[in-house]
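Every number in this text was worked out from the coordinates using simple rules, so none of it is lab data. Remember, predicted model here, so these are calculated numbers, not experimental data. All Cβ positions, glycine included, derive from the backbone under ideal geometry; neighbour counts span all protein chains shown.
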Amino acid sequence: AAAVAAATLAAAVFAGLPAAVAGCTSPAPPPAAPEPCDVQIVTLSIYASDNINPNENGNPRPVVVRLYQLKSSARMENATYDQILLRDKETLEDDLAKVDEVEVFPNDLVEVKFERLPDASHLVGAALFHSPKGSSWKTFYEFPLPPGEAQCGGRESDAGPPVADPRVAFFIDSTKIDNGVEMDESMFPNATAVRRLNLPKKAAAPEAPSAPRR
């Protein structure tokens, strides 16, 4: 009888285990955070002719080119030269994600590598010519989608197919900077010695405006 009672008690204990285990089960873990968008490394080649930024006598001079990463191009498209030269942060407001400066010399070929910021949609080259004409001192480039941007809440497919590490070129001749619409490499046969620059990951807008080279 004692053996039967012990067996009955053991059976009752084991029968209650599933409910006890079920009651102690921890809740399902929260869904994993989405993967960050892929890093996009941009290679920008800047070609310069032998007569960039001419002075009053027609002699060429170096020119400072500001490279703006913008969240939107609207304010830059409407901005005047003096607004960008003297008050770029105030003019661009929250469109501005990052700005760097590169000095370009006559017959120069500069290869600039930098990381595109995730919230930047456009790259703008603003050449600080001594005697700018019209709007030819600025040129625009829309960043292509990096792989995974749409899934991370970025732009949709109207920005073109994804590109992991895009390459782009800007061209400078006299008082004009161009994104390849009107100029190409064949027009710069003397721009052969490559200078390579790696821009810092983060940069603030210039503390003081850079003056055009005299």
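Between amide H atoms placed 1.01 Å from N, distances below 5 Å from Phe143 occur with His122, Leu123, all of them 5 or more places distant or on a separate chain. You can think of it this way: the chain between Lys201 and Arg87 has 38.7 nm of extra reach, that is 0.36 nm per residue less the Cα-Cα gap. Taken one residue at a time, the phi angles of segment 188-193 give Karplus couplings (6.51, -1.76, 1.60, θ = phi - 60°) of 10, x, 8, 8, 10, 7 Hz. Gly and Pro are set to x. Please go through the residue pairs Lys98/Lys133; Lys89/Lys138; Lys133/Lys202; Lys133/Lys201; Lys113/Lys133; Lys176/Lys201 and name each one whose alpha carbons sit more than 23 Å apart in this structure. Listed pairs above 23 Å: Lys98/Lys133; Lys133/Lys202; Lys133/Lys201; Lys113/Lys133; Lys176/Lys201. A Stokes-Einstein calculation at 10 °C with viscosity 1.306 mPa s, built on the Kirkwood radius of segment 41-198 over Cα pairs, returns a diffusion coefficient of 99 µm²/s. Taking label points 7 Å from Cα along the Cα-to-Cβ direction, Glu111 and Ser131 give a separation of 3.5 nm. Close amide H partners of Leu96, meaning residues 5 or more places away or on another chain with modelled amide H under 5 Å apart, are Lys71.
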